[in-house]
Amino acid sequence: MDWKSSRIDAVLEQALVEDRAAGDLTTNLTIDPNLRASASILARQDLVVCGLGAVPRILEILTRLDRRPQAQTRFEVVSHPEIFDGVRVKKGQVLAVIRHNARVLLSCERVILNFMQHLSGIATNTRRFVDEIKGTNARVLDTRKTVPGLRALEKYAVLCGGGTNHRLDLASGILIKNNHISLGGGLPVALRNALEKREGTQRVQVEVRNVRELNEALEGGAEALLLDNMTPAQVKDCVDRIKTENRWIPTEASGGIVLENIRAYAETGVDFISVGALTHSAIAADISMSIVAE
C-alpha cells in the first residue's frame, strides 16, 4: 500500500477535517501545550493487523493542517519488527507506540483508531474465511461492496487477511451480469458484443444462474464463469461440466456464501469464491490507545 498516494492522502485528510482535529476544544482548554506524551496502540482481542502505515501519515497530514505550534513538533512511531500489516497478534499485544505532543495525540486519537479498527476488522474477518478453506485449491475473493471512498483501503485489508482482490472498479474487468444480459439483448448477444468490441486482452466473464445459461455462455466463448446463487451441489455439477471443455475456464462461486458453508463450496473444485461479507459485514476490531505523559 502506498500510504502517500494522492487517493489515500485524500481519505486520511478528509477524516481529520471531518473530526476537526485541528480545533479540539476540550484538549486545547485542558492540556498543557508543551506536554509530550507516549501513546500505545493496543490489541484488545486476537486479530490480524491492518492500517499501521496510516498512523505516521495521519500525523504528517495533521502537521500540515494544524496551525497550533505543538503540531509542528517532532514525532516518532515505533512498532516491533515482527508486527506489521497482515500479521496475527494476540490480545494484549502493543501494535505501535507514538511519541508526540500530548495535544496532537489526543486530537487524532479517534481518527487513528477508526482506521485501524475498521481495517483490522476486515483483515481479521477475511482470515477466518481463508482459514476455513485451507487445504483446498479455492481462493477467497472480495467484491465491490465497500464503503464509498474507502475501497482501496478495504481491499488492501482483504489482502492483509490472505484474501484476493477482485475488480477494483468497473474499468478493471469485464463481467457480464444478469442486468447486462437483460438489457443487452440476451446472453449470446451481450457476450458476442463484449468479445468483439473489447480492447486489449481482458478476459470476458459471464454470470450464470442455471445450466441453460451455462451452456449458452460456453457455446458463446465465455472466458470465465461466475456461478451465482447456486447450491454447492449445483456448483459442482457446473464445474464438472466446464472441465469437459478443451480450454481452461476460471470458475467463481458467489451469492449467499458465509463462513458456515464456504468449505462446501471450496470442495466443489471451483477456483474462486467471492464473499461480500469480507467488507460489508466485518466487525471493527477491538483496538485501544493508551496515552501517558512522558
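Only the coordinates and a few stated rules stand behind these numbers; no lab work does. As the structure is a computational prediction, the values presented were derived from the model and not from experiment. Note that we place each Cβ from the backbone using ideal geometry, even for glycine, and neighbour counts take in every protein chain shown.
Could you list 145, 236 so that the one with the fewest beta carbons within 10 Å of its beta carbon is first and the one with the most is last? Walk me through the intermediate numbers first.
Details: 145 15, 236 19.
Ascending Cβ contact count within 10 Å gives the list 145, 236.
If the reach is capped at under 19 angstrom between alpha carbons, list the aspartates and glutamates near residue 4, excluding any in the same chain fewer than eight residues apart.
Answer for residue 4, where 19 Å is the Cα cut-off: 13, 60, 66, 76, 85, 154, listed by chain and number.
Please give the peptides 114-122, 49-57, 238-246, 15-23 ranked by average Cβ packing (other Cβ atoms within 10 Å per residue), highest first, as a rough proxy for protection. List each step's numbers first, then the result.
Details: 114-122: 25.0, 49-57: 23.4, 238-246: 13.3, 15-23: 16.1.
For the peptides 114-122, 49-57, 238-246, 15-23, the packing ranking is 114-122, 49-57, 15-23, 238-246.
Once you order the gyration tensor axes a ≥ b ≥ c over the Cα atoms, which shape class does the stretch 131-280 get: rounded for a/c under 1.5, otherwise prolate or oblate by comparing a/b with b/c? Could you put the intermediate results ahead of the total?
On the way: a/c = 1.86, a/b = 1.21, b/c = 1.54.
Note, shape of the stretch 131-280 comes out oblate.
Non-local amide H neighbours of residue 272 (under 5 Å, H modeled in plane, Pro and chain starts lacking H): which ones?
Hits under the 5 Å cutoff: 139, 251, 252, 253.
If neighbour count is taken as other Cβ atoms inside 10 Å, put 231, 27 in order from fewest to most. Kindly include the intermediate steps, with their values, before the conclusion.
On the way: 231 14, 27 18.
If I rank by nearby Cβ atoms, fewest first, I get 231, 27.
Here are some pairs, 91/177; 91/236; 155/197; 134/243; 155/236; 134/197; which of them have Cα atoms lying more than 32 Å apart in this structure? Each step should come with its number before you reach the end.
On the way: 91/177 43 Å; 91/236 40 Å; 155/197 29 Å; 134/243 23 Å; 155/236 28 Å; 134/197 39 Å.
Too far apart for the 32 Å limit: 91/177; 91/236; 134/197.
Report, in degrees rounded to the nearest 10, the 0 to 90 angle that the Cα long axis of helix 54-65 makes with the longest principal axis of the chain.
Helix 54-65 sits at roughly 60 degrees to that axis.
Over the chain, what is the relative contact order in whole percent, taking alpha-carbon pairs under 8 Å and six or more residues apart? Before the final figure, lay out each step's value.
Values: 534 pairs, mean separation 69.9, N = 294.
The normalised contact order for the chain reaches 24 percent.
In terms of Cα to Cα distance under 19 Å, which aspartates and glutamates are near enough to residue 90, apart from those fewer than 8 places away along the same chain?
Filter leaves 46, 82, 131, 286.
Give me the angle, in degrees from 0 to 90, between the Cα long axis of helix 232-242 and the longest principal axis of the Cα atoms of the chain, rounded to the nearest 10.
Long axis of 232-242 versus the principal axis of the chain: about 60 degrees.
How would you rank 199-205, 102-108, highest first, on the average number of other Cβ atoms within 10 Å across their residues? Each step should come with its number before you reach the end.
On the way: 199-205: 12.1, 102-108: 24.3.
Put in order of decreasing packing, that is 102-108, 199-205.
Please work out the C-alpha center-to-center distance from the stretch 36-83 to the stretch 129-208 and express it in whole Å.
Distance between centres, Cα-based: 34 Å.
Taking only Cα atoms, what is the 0 to 90° angle, nearest 10, from helix 102-132's long axis to the longest principal axis of the chain?
Tilt of helix 102-132: around 30 degrees.
To the nearest 500 deg cm²/dmol, what mean residue ellipticity at 222 nm is calculated for the chain from DSSP H runs of n ≥ 4 alone, each contributing -39,500 (n - 2.57), summed and divided by the residues?
Numbers: 11 runs with 118 residues, N = 294.
Counting only the DSSP helices, I get -12000 deg cm²/dmol.
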